[in-house]
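Working notes, structure below.
The values are calculated or read from the model by the stated rules, or taken from the named source; none is laboratory data. This one's a predicted model, so the numbers in the text were calculated from it and none came from an experiment. Cβ: placed from backbone, ideal geometry, glycine included. Neighbour counts: every protein chain shown.
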Amino acid sequence: MIRVVAVALCALLLLSGCTASPDEALDDGLPDVTLAGFDGGDDVDLGDFTGPAVISVWASWCGPCRREMPILEEFHAAYGDRVAMLGIDFQDAQTDKARALVEQSGVTYPLVRDEAGTINGAGAFPLLRGLPFLAFVDADGTVTHVEAVVIDSTDQLVAMVDEYLGVTL
């Protein structure tokens, strides 16, 4: 029994060093990369991207991402004229499943693809160890906050925009 507990504690200590916190981001800007538009959409140069905006990093294989996409679309429909939304389909080789998810969710905000994981650990993005993931970008293009979080309601995202972007909706 003691041996099992010791092994579990060692594993816990090792894994605790594998979590990225927002403070571990490399800098406060978005990486200078151009991501291809999703399903024929416009390409986006993240280095030139400014806000106020919320960037959602997602994938079709991510269950929480699937649940939150309709909520992000509700936010976009209600507040997209004041706070832009951008979705990044991250390391997702399942193009057909991603396309089906977008259609099923009714997403109309801009989407781009990062199949190679170019943003991972670049600019203000830490090494992404879990999805969904959000980045908040101010009017100057500064990333003010990054977090692996599941959005459960439009009100939750409105509160985060107020806190991290200073935009009252």
Task: Odd one out for G17 among (1) closer than 26 Å to E68 by Cα; (2) at pLDDT below 50 - done: (1)
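Yes or no, residue by residue, for (1) more than 23 Å from G106 (Cβ to Cβ); (2) touching a residue at least 12 places away in the same chain (Cβ under 8 Å); (3) not hydrophobic (A, V, I, L, M, F, W, C):
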site: A36; (1), (2), (3): no, yes, no
site: D42; (1), (2), (3): no, yes, yes
site: G47; (1), (2), (3): yes, yes, yes
site: P64; (1), (2), (3): no, yes, yes
site: P70; (1), (2), (3): no, yes, yes
site: H76; (1), (2), (3): no, yes, yes
site: G80; (1), (2), (3): no, yes, yes
- [ ] Select from segment 39-86 the residues that are within 19 Å of D114 (Cα to Cα), in contact with a Phe, Trp or Tyr (Cβ under 6 Å, 6 or more places away or on another chain) and not aliphatic (A, V, I, L, M) and list them in ascending order.
- [x] C65
Task: Every pair of residues 6+ apart whose Cβ atoms lie under 6 Å, when the first sits in segment 86-111 and is touching a residue at least 40 places away in the same chain (Cβ under 8 Å) while the second is of a type in the set (A, V, I, L, M) and in a helix (DSSP H, G or I) - done: D89/A98
Open item on the list: Can you report the number of residues in segment 137-156 which are charged (D, E, K, R), modelled with pLDDT of 95 or more and in a loop (DSSP other than H, G, I, E, B)?
Closed with: 2
Open item on the list: Given the condition within 22 Å of L30 (Cα to Cα) and among the charged types (D, E, K, R), answer yes or no: does some residue in segment 61-82 qualify?
Closed with: yes
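Among residues belonging to segment 157-169 that are among the aliphatic types (A, V, I, L, M) and either touching an Asp or Glu at 6+ places or on another chain (Cβ under 7 Å) or outside any helix (DSSP H, G or I) (or both), point out the one that is farthest from G80 (Cα to Cα).
Of all residues in segment 157-169, those among the aliphatic types (A, V, I, L, M) come to 157-161, 165, 167, 169.
Cutting the leftovers down to either touching an Asp or Glu at 6+ places or on another chain (Cβ under 7 Å) or outside any helix (DSSP H, G or I) (or both) gives us 165, 167, 169.
Working: L165: 14, V167: 12, L169: 11 Å.
It comes out as L165.
Right, V107: of a type in the set (A, V, I, L, M, F, W, C), out of contact with any strand residue (DSSP E or B) (no Cβ under 6 Å at 6 or more places or on another chain) and crowded, with 17+ Cβ neighbours inside 10 Å or not? Don't jump to the end; show me each part of the working.
On the way: of a type in the set (A, V, I, L, M, F, W, C): yes; out of contact with any strand residue (DSSP E or B) (no Cβ under 6 Å at 6 or more places or on another chain): yes; crowded, with 17+ Cβ neighbours inside 10 Å: yes.
For V107, the condition - of a type in the set (A, V, I, L, M, F, W, C), out of contact with any strand residue (DSSP E or B) (no Cβ under 6 Å at 6 or more places or on another chain) and crowded, with 17+ Cβ neighbours inside 10 Å - is met.
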Open item on the list: Tell me whether segment 90-99 contains one or more residues that are closer than 16 Å to T50 by Cα, at pLDDT below 95 and in a loop (DSSP other than H, G, I, E, B).
Closed with: no
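Select, from A148, A135, the only residue that is closer than 20 Å to W61 by Cβ and in contact (Cβ under 8 Å) with a residue 12 or more places away in the chain. Walk me through it before giving the result.
Numbers: A135 fails: closer than 20 Å to W61 by Cβ.
None of the others qualify; the one that does is A148.
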Task: segment 86-101, subset of a type outside the set (G, A, S) and either within 14 Å of the chain's Cα centre (by Cα) or within 18 Å of V44 (Cα to Cα) (or both), residue surrounded by the fewest Cβ atoms within 10 Å (Cβ to Cβ) - done: Q91
Open item on the list: Go through (1) crowded, with 18+ Cβ neighbours inside 10 Å; (2) at positive phi for G166 and report which single condition fails.
Closed with: (1)
